[in-house]
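Structure first, then comments.
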Amino acid sequence: MEEISCTHCHAPILAGYYNTLDFIPCPSCHVPVKIDVFPAFYHGLRPGKEGETLIDDQASCFYHPQKKAVIPCDHCGRFLCALCDVELSGKHLCPTCVEKGKKKGRIINLDRHRLLYDGTALRLALLPMITVWLTIITAPITIYLSIRHWNSPMSVIRRTKVRFILAVVISGLQILAWTTGIVYFVSRR
Amino acid sequence: MSLSRCSLYLGDDHILGVDSNGFSEDYKRFYFSDIQAIITRRTRRGATWSIVLALMIASSSAGALFLEVESVRILSWILSGTFLAFLLVNIFRGPTCVCHIMTAVQEDELPSLNRLRVARKVIETLRPAVERVQGRLNPEEVNIDPNEETLHAPRTTRPLRQPHARGHGIRHDGGTIHMLAFALILLDGFLTGIELLHHSPVIIGVSFGLTLLYSICIIIALVKQHESDIPGTVRRMTWASLGYLCVSYLLGYVLMVTTLMTSRPEKMVTQWDLYRVILDLSPQDSRLVMGVYAFAAVCSLALGAVGLVRVKKHRDDWASASRPGQDLEGEARG
């Protein structure tokens with residue numbers, strides 16, 4: 001019989017140890033564990049949906065003409081059978097729209113990785129200040145990066161554009177300082 | 001050790017794990033309908049850190065009290081203060097744990113839930129949200145007697161789950177190497193105690209040899225106790241011995257450097273001269289040496305004695321557990 005395993009010794013833990021009020025020692029390694037089990041554990045994997053076969057003059061699925069349509073795609077409006085209906089965050093989408101949405105980054109719940117251009121720009125503005133002279137190269141790059149990616153998708157967690165603004169302001173000041181320094185040096189000669 | 005920061009966010013129908021390194025973020029979503037279990041395991045990481053920080057405070061405070069150079073003393077006080085601040089933060093954050101979330105196809109660690117207080121709070125927040133989607137567990141599924149074999153056999157989902165390649169059990173270890181290590185530490189403690197009262201280069205030489213021997217024994221013991229039935233106390237004592245060993249090596253190094261700096265360089269021509277200076281080092285010479293020796297003697301005696309007692313208890317427990325079976329065999333033969 002398969003059970004949940006101890007995350008320390010990987011020995012199986014019996015169902016009697018689940019949903020206890022406090023920590024109990026693992027029967028094998030005696031490390032205190034607490035296992036909170038939810039109904040999905042007893043129900044196992046949900047069975048996949050199956051499209052119903054089309055009868056007479058019923059509307060058919062766009063992708064499977066022999067299957068009965070049950071819902072239209074919320075994005076493109078194509079009729080979909082139960083097999084093609086992908087439910088994401090309360091929306092019903094067809095596989096093509098899901099694929100397109102994933103490619104263009106429109107479906108936020110499918111994103112697994114994002115580059116943080118705002119954080120990168122701010123670090124690029126701040127870190128080279130340790131060496132001072134590097135800022136002559138990094139300041140214009142920071143401003144370019146900030147403008148170029150101003151509208152690029154940011155973190156999926158709500159973030160403001162304050163990092164971009166700070167990066168632009170700091171880089172602007174660095175460029176101003178360099179310009180003033182160069183002008184002063186040239187005029188003195 | 002990664003430099004990324006992990007956080008957990010509660011969504012409408014899922015929890016979002018975010019792993020951020022400042023330049024990019026990786027996301028993992030666990031939908032409420034898929035969450036099967038959350039496994040929380042208590043760890044000793046917080047306590048270990050507290051011990052390490054306390055040792056750091058003790059050694060830097062000892063430096064601040066015994067060293068004679070003013071600037072080094074100030075630096076030692078600053079270090080003590082910093083370590084104390086870290087220790088207080090560690091204590092305030094409470095006991096540590098490791099949390100794993102389990103679905104039908106994966107078992108993932110939630111690195112952001114590394115403190116028990118936070119983990120409890122998150123699970124309490126999560127439970128109603130999951131139950132809203134999955135419904136509540138039947139009363140007979142909750143709190144069954146741990147000694148009872150379960151009647152509620154869940155459907156087998158393990159072959160689909162990812163990170164459990166290692167399915168092997170726990171093997172028995174009698175703790176012979178642990179016993180040897182603790183015995184050597186105890187002996188070293190006695191010798192250091194004698195050295196405190198009566199200085200002899202021979203005792204220091206023997207003590208060096210013993211330190212080398214039990215260093216090897218501790219490393220072997222640490223390897224052997226992995227996935228064995230060695231009790232938690234003995235395991236912790238072995239780790240504590242390793243910690244003590246590192247601290248004593250560090251203190252020995254500091255002692256050696258300060259001694260070499262204060263002794264006359266023209267006296268040291270060969271490597272042997274250098275060893276002789278160290279062997280001639282007597283606890284009566286300075287307060288620093290006396291402090292280091294006293295610390296080493298107390299730690300060695302405590303670790304060795306407690307460790308030996310715990311290993312002996314483990315061996316006795318194992319012997320008494322296996323004896324009834326042997327007796328029955330004997331009776332059957334008779």
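Quick notes
- Selected residue (criterion: farthest from the other protein chains (Cβ to nearest Cβ)) from residues of the range B:11-38 that are of a type in the set (F, W, Y) and assigned to a strand (DSSP E or B): B:F30
- Residue match in the range A:97-109 (condition: in contact with a strand residue (DSSP E or B) (Cβ under 6 Å, 6 or more places away or on another chain), part of a loop (DSSP other than H, G, I, E, B) and either more than 30 Å from A:T142 (Cα to Cα) or in the same structural domain as A:I157 (by TED's automatic domain parsing) (or both)): no
- Of all residue pairs spaced 6 or more apart or on separate chains, those with beta-carbon atoms under 6 Å, a first member in the range B:48-68 that is touching a residue at least 60 places away in the same chain (Cβ under 8 Å) and under 27 Å from B:D285 (Cα atoms) and a second member that is aliphatic (A, V, I, L, M) and buried (at least 17 other Cβ atoms within 10 Å of the Cβ) are B:L55/B:V247; B:F66/B:L288.
- Options B:L197, B:L245: the member that is in contact (Cβ under 8 Å) with a residue 24 or more places away in the chain and in the same structural domain as B:V306 (by TED's automatic domain parsing): B:L245
- Single condition A:L21 does not satisfy, out of (1) farther than 30 Å from B:H226 by Cβ; (2) within 14 Å of chain B (Cβ to nearest Cβ); (3) over 27 Å from the mean Cα position of the chain (by Cα); (4) crowded, with 17+ Cβ neighbours inside 10 Å: (4)
- Residues satisfying the stated conditions in the range A:100-141, i.e. more than 14 Å from chain B (Cβ to nearest Cβ) and of a type in the set (S, T, Y): A:T131, A:T135, A:T138
- Condition met for A:L88 (within 14 Å of another protein chain (Cβ to nearest Cβ) and in contact (Cβ under 8 Å) with a residue 24 or more places away in the chain): no
- Within the range B:40-89, the residues that satisfy the criterion of being among the β-branched types (V, I, T), surrounded by 15 or more Cβ atoms within 10 Å (Cβ to Cβ) and farther than 27 Å from B:V122 by Cα are B:I51, B:V52, B:I57.
- First in the range B:308-334 and at pLDDT 80 or above, second anywhere and of a type in the set (F, W, Y), Cβ under 8 Å, 6 or more apart: B:L308/B:F182; B:V311/B:F182
The values are calculated or read from the model by the stated rules, or taken from the named source; none is laboratory data. Computed from a predicted structure; not experimentally measured. Every residue, glycine as well, gets a Cβ built from its backbone with ideal geometry; the counts of neighbours run over all protein chains shown.
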